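A.B. asks: If you scroll down you'll find the structure; I have some questions about it.
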Amino acid sequence: MTYAEPQHYHVKVRVYNESIDFGKGVAELLQRIEATGSLSAAYKAMGMSASKAWKILRRAEADLGFALVSSTAGGKSGGSSVLTPEGRLLLERYTAFNAEVQLAAAQAFAKYFK
């Protein structure tokens with residue numbers, strides 16, 4: 001049998017206190033909320049149900065100990081959602097941290113497998 005070098009790698013980045021509840025999916029949801037001002041538009045764009053969106057947000061908030069999103073109820077004029085200051089800061093830090101980890105992983109992969 002001939003050894004074949006791996007051609008791909010995958011690195012997941014998740015941050016948490018006790019339960020693994022904040023990663024790529026929650027980060028994307030927060031990015032879309034920030035871009036649209038709407039939790040509904042965010043989860044629909046991701047092909048996610050409302051109950052799943054609320055569930056992953058609430059789990060992450062419970063583990064982290066602070067709110068990520070602030071929402072106002074809909075009605076005739078519609079509701080809105082915005083990131084809390086803590087949610088925005090966490091998203092910024094997670095995005096930067098993830099970018100650094102991905103870069104380090106790419107460099108290590110090239111060193112050992114290419």
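Read the figures in this text as sums done on the coordinates, not as results from a lab. Just so you know, these numbers come straight off a predicted model, no measurement behind them. When we count neighbours, we look across all protein chains shown, and the Cβ atoms used for this are built from the backbone with ideal geometry, even at glycine.
A.B. asks: Which residues, counting only those in segment 17-33, are within 17 Å of residue 89 (Cα to Cα) and more than 12 Å from the chain's Cα centre (by Cα)?
C.D. replies: 17
A.B. asks: Listed residues 93, 59; which is closer than 18 Å to residue 21 by Cα and surrounded by 14 or more Cβ atoms within 10 Å (Cβ to Cβ)? Outline the logic, then answer.
C.D. replies: Numbers: 93 fails: surrounded by 14 or more Cβ atoms within 10 Å (Cβ to Cβ).
Being closer than 18 Å to residue 21 by Cα and surrounded by 14 or more Cβ atoms within 10 Å (Cβ to Cβ) holds for just one of 93, 59, which is 59.
A.B. asks: Of all the helices (runs of 4 or more DSSP H) wholly in segment 15-77, which have at least 2 residues that are among the β-branched types (Val, Ile, Thr)?
C.D. replies: On the way: elements: 24-36, 39-45, 50-64.
So the answer is 24-36.
A.B. asks: Identify the residue in segment 34-58 that is touching a residue at least 12 places away in the same chain (Cβ under 8 Å) and more than 14 Å from residue 81 (Cα to Cα) and, among all such residues, is nearest to the chain's Cα centre (by Cα).
C.D. replies: Among those residues, the one meeting the criterion is 56.
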